[in-house]
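Undergrad: Before anything else, here's the structure in question.
The values are calculated or read from the model by the stated rules, or taken from the named source; none is laboratory data. Because the structure is a prediction, the values reported are computed rather than measured. Cβ atoms come from the backbone with ideal geometry, glycine included; neighbour counts cover every protein chain shown. Each accessible area value is taken on the protein alone, full model and side chains, heavy atoms only, with ligands, DNA and RNA left out. Shrake-Rupley method; radii C 1.70, N 1.55, O 1.52, S 1.80 Å.
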Amino acid sequence: MRPELAEPGEQRIGFKRHLRPQIVQGEAVYLIGESGVTAIAGTHVETLAPLLDGTRDLAALLRDVPADLTADKVERMLTRLAAAGLIGRRGMEAGSATAEASLAYWDAVGLDSADAVAATTTSLVSVVAIGDTDRDALAEALHRNGLTVAPGSGDLTVVACADYLAPDLRDIDAAHRAAGTPWLLVKPVGAQVCVGPFFTPGEGPCWRCLASRLSANRKAEAHVRARCGQRGPAPRPAIGLPSLQATALDIASVEATKWLAGIRHETQRSIWNYDSLSMKVTQHEVRRRPQCAGCGDPEVVARRAFEPVELTPRVKRSCEGGGHRSSSPQEVLETYRHLVGPVTGIVREIRRNDRGPAFFNSFVSGSNLAAAGEGIEGLRSSLRADTGGKGVTPLDAEVGALCEAVERRSGAYFGEEARVRGSYRSLGNLAIHPDTVQHYHPRQFEDREAWNASHSSFQHVTTPFDENEVMDWTPLWSLTERRHKLLPTGMLYFGAPCPPSVTSNSNGCAAGSSLEDAVLQGLLELVERDAVAIWWYNRTPVPGMDLDSFHDPWIHELREAHASLGREVWLLDVTADLGVPTMVAVSRRTDNGPREDIMFGCGAHLDPRIAARRALTELNQSMPALSEPVDLSRFDIDMRHWIETVRLAGQPWLAPDPAVPARDVFHHGYTHRADLVDDIRAIREVLEAKGMEVLVLDQTRPDVGLPVVRVVVPGLRHFWSRFAQGRLYDVPVQLGRLDRPRRYDELNPVPLFM
């Protein structure tokens, strides 16, 4: 006899308690349950069904069935019904309607009801209430499900609190990890109440993993608390309704009961949030941080920085849209979509900027860490300056917005980064002089205070670098020299403690679907900004590109979209001595209004078609800010001055050089390579032939997974106001754009504001 049917006389057999049989003579037996109806058809099932009421064991069934139903037929039918999960044993009496409903619940979730009741009634639950939360109300909710609340430690602890960042939770988490006891969080206060996650020591995330994610998404609150010299979450007014609190506690009781009964699934590691105002329930996944100081290895990030960055062959699998990638945009989105969320996500949200035509495909994804400054203005600039994505398609733009937000987050300082303490002089040839990367001219230091006061934080001029000042340095891997070198940590990570002589920016930072993908994108950004800086600050006319020669329907549609807004678009070829095609797309109003609202976008790629698309999509990404009505107060001071004052007639170098015929798409030539590493090697060889080296810092965070790097090439120029001698002055002469280098005071006084 099969175990699920047991031996005669031991167990009664019946349909699962959550199913009600309804017989339609000559048709079928229908089992009606909460989730639907199951039909059972067969010659003898209508005869057997009335007997499966839970009052008979197998012997009684065989006694009561008609004579034409042999024992063998009955057993075969029972076996099939048991395998389908439709019948089971009835080894205990319910005793009351409430108890019957409870047993039916365990049947419905697929557990043996007797085992589930035994597990829940013999287990002990501990209760902890932090602050003003009601311990007695929580205990009562647990009692309603038949759970026993223990005065000391139990098999499970349920912790009620008003804030998931309450400092007391750190000690509770540590104690439970030490004891190996699982625990469940619940927030029964507020207009939004939360239940979960379960923390299971030894597997999955701990509370400190959760706290890291929550803290990162409460930036404004942290700013206020820090300014006031306070720690921990900000106290909030007590709000809520008695029934709402009871709802949260009852749901926590249900989840605790299910857990003790043996139910396990991944969503138990999530926060379930109920918004009583909108009646929306949302799930916020909590994942383990491998570098967590509580449950992981806090040295994993630092150790990786001291390892070589090894690039391996990586076949291009996506060559459309805005670049060559090792995975398609859809694959990237599906793999990393879990990073998006306002509570535990790395990225709070991704949304289309709905200003202007949908064709612009401009997506935003939360605050920009690179735009952060001091005080309330710094906070505003960070929160208002969205990171964003651009693309030929909405999918391209959405993935771009995700990748850029992850790039900025991965490049932020958390204290787990590799650091070497010392001065430039003490570190010898291991250290790279910051001046070879920051490129400030000595004259910029002379009036830095006045300059900084009158320009945006992007154009900030530091103090002169002191070679004897002790600071933190971080290793980068030189692909050129095959060894590690050091740059100040404050130049490599946003928000890292550093002296006022160094500053960080996003130049060369990139995320990609693979390490090789990210390195290539970082290199291309450095090349792009170098070429754009050489053109912009020397204000030299450059050839235009013949947009018709691309034979690209998307470019044709773009020109029509801009024309519908009373604008014209053109494309400039600003490619410099490195030979990597670099384009600048320019758009201006042509309606003879008070402003021309000249805007532009930049792009570089080995494939000139992709370079053009990158410049044009970046232009589109900027356009929503200029869609009517234009709010100039949202612009930083440099961009606002540009929009308010600049017209093409006064800046003719922004237009194609009339003395040079427009170039077609074949001007630069292009040889497709199937592997991303071959493209990286091609750019490296050009840079190294000019005496420059390529350095890479792998900034990928173990808890995020999306590869992020910072690529540094000392000598290449940023397109912000950095006026030291070097390529900025020399390359225009080498290219024949100028007869002699510009003098310092002849450079464009208008900083590039993008």
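Undergrad: Would you tally the residues in the range 526-548 being acidic (Asp, Glu) and buried (at least 24 other Cβ atoms within 10 Å of the Cβ)?
TA: Filtering the range 526-548 for residues acidic (Asp, Glu) gives 528, 530, 546, 548.
Adding the requirement that they be buried (at least 24 other Cβ atoms within 10 Å of the Cβ) leaves 528, 530.
Qualifying residue count, the range 526-548: 2.
Undergrad: A further question follows. Looking only at the range 25-45, decide whether some residue is over 17 Å from ALA104 (Cβ atoms), more than 50 Å from the chain's Cα centre (by Cα) and assigned to a helix (DSSP H, G or I).
TA: Of all residues in the range 25-45, those over 17 Å from ALA104 (Cβ atoms) come to 25-30, 39-45.
Still in the running and more than 50 Å from the chain's Cα centre (by Cα): 25-29, 41-45.
Filter once more, so that each one left must be assigned to a helix (DSSP H, G or I): 45.
Looking through the range 25-45, at least one residue is over 17 Å from ALA104 (Cβ atoms), more than 50 Å from the chain's Cα centre (by Cα) and assigned to a helix (DSSP H, G or I).
Undergrad: Let me ask you something else. Examine the range 417-424 for a residue that is on the phi > 0 side of the Ramachandran plot and outside any strand (DSSP E or B), and state whether such a residue exists.
TA: Scanning the range 417-424 turns up no residue that is on the phi > 0 side of the Ramachandran plot and outside any strand (DSSP E or B).
Undergrad: Of all residues in the range 360-394, how many are at pLDDT 90 or above and either surrounded by 17 or more Cβ atoms within 10 Å (Cβ to Cβ) or closer than 18 Å to ARG408 by Cβ (or both)?
TA: Going through the range 360-394, the residues at pLDDT 90 or above turn out to be 360-364, 389-394.
This time we only want the ones that are either surrounded by 17 or more Cβ atoms within 10 Å (Cβ to Cβ) or closer than 18 Å to ARG408 by Cβ (or both), so: 360-364, 389-392.
Summing the residues that are at pLDDT 90 or above and either surrounded by 17 or more Cβ atoms within 10 Å (Cβ to Cβ) or closer than 18 Å to ARG408 by Cβ (or both) in the range 360-394 gives 9.
Undergrad: Out of the range 223-238, which residues are in a loop (DSSP other than H, G, I, E, B), open to solvent by less than 100 Å² (accessible area, probe 1.4 Å) and among the aliphatic types (A, V, I, L, M)? Full working, then the answer.
TA: To start, the set of residues in the range 223-238 that are in a loop (DSSP other than H, G, I, E, B) comprises 228-238.
Narrowing further to those that are open to solvent by less than 100 Å² (accessible area, probe 1.4 Å): 228-230, 232-234.
If the condition is that a residue be in a loop (DSSP other than H, G, I, E, B), open to solvent by less than 100 Å² (accessible area, probe 1.4 Å) and among the aliphatic types (A, V, I, L, M), then ALA234 is the only one that fits.
Undergrad: Out of the range 239-274, which residues are crowded, with 17+ Cβ neighbours inside 10 Å and of a type in the set (A, V, I, L, M, F, W, C)?
TA: Matches in the range 239-274: LEU244, ALA248, LEU249, ILE251, ALA252, ALA256, TRP259, LEU260, ALA261, ILE271, TRP272.
Undergrad: Here are some residues: VAL733, VAL660. Which one is assigned to a helix (DSSP H, G or I), open to solvent by 40 Å² or more (accessible area, probe 1.4 Å) and β-branched (Val, Ile, Thr)? I'd like the intermediate steps shown before the answer.
TA: Numbers: VAL660 fails: assigned to a helix (DSSP H, G or I).
After ruling out the rest, the residue left standing is VAL733.
Undergrad: Same structure again: Regarding SER126, is this residue surrounded by 18 or more Cβ atoms within 10 Å (Cβ to Cβ), modelled with pLDDT of 90 or more and among the polar types (S, T, N, Q)?
TA: Numbers: surrounded by 18 or more Cβ atoms within 10 Å (Cβ to Cβ): yes; modelled with pLDDT of 90 or more: yes; among the polar types (S, T, N, Q): yes.
Considered against the rule, which asks whether it is surrounded by 18 or more Cβ atoms within 10 Å (Cβ to Cβ), modelled with pLDDT of 90 or more and among the polar types (S, T, N, Q), SER126 comes out as yes.
Undergrad: Next up: Cβ-Cβ distance below 6 Å, separation of 6 or more or different chains: which pairs start in the range 83-103 with a residue that is at pLDDT 85 or above and end on one that is among the aromatic types (Phe, Trp, Tyr)?
TA: ILE87/PHE15
Undergrad: Another question about this same structure. Please determine whether any residue of the range 338-352 is crowded, with 16+ Cβ neighbours inside 10 Å and within 25 Å of ILE610 (Cα to Cα).
TA: Among the residues of the range 338-352, at least one is crowded, with 16+ Cβ neighbours inside 10 Å and within 25 Å of ILE610 (Cα to Cα), which makes the answer yes.
Undergrad: So, in the range 277-293, exactly how many residues are among the small types (Gly, Ala, Ser) and either out of contact with any helix residue (DSSP H, G or I) (no Cβ under 7 Å at 6 or more places or on another chain) or modelled with pLDDT of 95 or more (or both)? Give the steps one after another, and end with the answer.
TA: If we filter the range 277-293 for residues that are among the small types (Gly, Ala, Ser), which is where we start, we get 278, 293.
Narrowing further to those that are either out of contact with any helix residue (DSSP H, G or I) (no Cβ under 7 Å at 6 or more places or on another chain) or modelled with pLDDT of 95 or more (or both): 278.
Of the residues in the range 277-293, 1 are among the small types (Gly, Ala, Ser) and either out of contact with any helix residue (DSSP H, G or I) (no Cβ under 7 Å at 6 or more places or on another chain) or modelled with pLDDT of 95 or more (or both).
Undergrad: Report whether or not ARG236 is more than 26 Å from ALA139 (Cβ to Cβ), of a type outside the set (A, V, I, L, M) and more than 26 Å from the chain's Cα centre (by Cα).
TA: Answer is no for this residue.
Undergrad: Here's something else I'd like to know. So which residues in the range 173-222 are open to solvent by less than 30 Å² (accessible area, probe 1.4 Å) and assigned to a strand (DSSP E or B), if there are any at all?
TA: TRP183, LEU184, LEU185, VAL186, VAL193, CYS194, VAL195, GLY196, PRO197, PHE198, PHE199, THR200
Undergrad: Criterion first (modelled with pLDDT of 95 or more, within 37 Å of the chain's Cα centre (by Cα) and in a helix (DSSP H, G or I)) does ALA682 satisfy it?
TA: Values: modelled with pLDDT of 95 or more: yes; within 37 Å of the chain's Cα centre (by Cα): yes; in a helix (DSSP H, G or I): yes.
It is true that ALA682 is modelled with pLDDT of 95 or more, within 37 Å of the chain's Cα centre (by Cα) and in a helix (DSSP H, G or I).
Undergrad: Quick check on my filter: what residues within the range 427-441 are open to solvent by 60 Å² or more (accessible area, probe 1.4 Å) and either free of Cβ contacts under 8 Å to residues at least 40 places away in the same chain or in contact with a helix residue (DSSP H, G or I) (Cβ under 6 Å, 6 or more places away or on another chain) (or both)? I'd like the intermediate steps shown before the answer.
TA: Taking the range 427-441 and keeping what is open to solvent by 60 Å² or more (accessible area, probe 1.4 Å), we get 429-430, 435.
Scanning the range 427-441 gives a single hit, ASN429.
Undergrad: Specify which of the listed residues (ALA114, ALA139, ALA119) is under 20 Å from TRP259 (Cβ atoms), modelled with pLDDT of 90 or more and open to solvent by 20 Å² or more (accessible area, probe 1.4 Å).
TA: Result of the check over ALA114, ALA139, ALA119: ALA119.
Let's see how each residue does on (1) in a loop (DSSP other than H, G, I, E, B); (2) touching a residue at least 24 places away in the same chain (Cβ under 8 Å); (3) basic (Lys, Arg):
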site: SER253; (1), (2), (3): no, yes, no
site: ARG264; (1), (2), (3): yes, no, yes
site: ASN273; (1), (2), (3): no, yes, no
site: ARG288; (1), (2), (3): yes, yes, yes
site: PRO313; (1), (2), (3): yes, yes, no
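Undergrad: Within the range 507-525, track down each residue that is open to solvent by 10 Å² or more (accessible area, probe 1.4 Å) and assigned to a helix (DSSP H, G or I).
TA: LEU515, GLN521, GLU525, listed by residue number.
Yes or no, residue by residue, for (1) buried (at least 18 other Cβ atoms within 10 Å of the Cβ); (2) more than 34 Å from the chain's Cα centre (by Cα):
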| site | (1), (2) |
| --- | --- |
| LEU402 | yes, no |
| ARG421 | no, no |
| ARG448 | no, yes |
| HIS455 | yes, no |
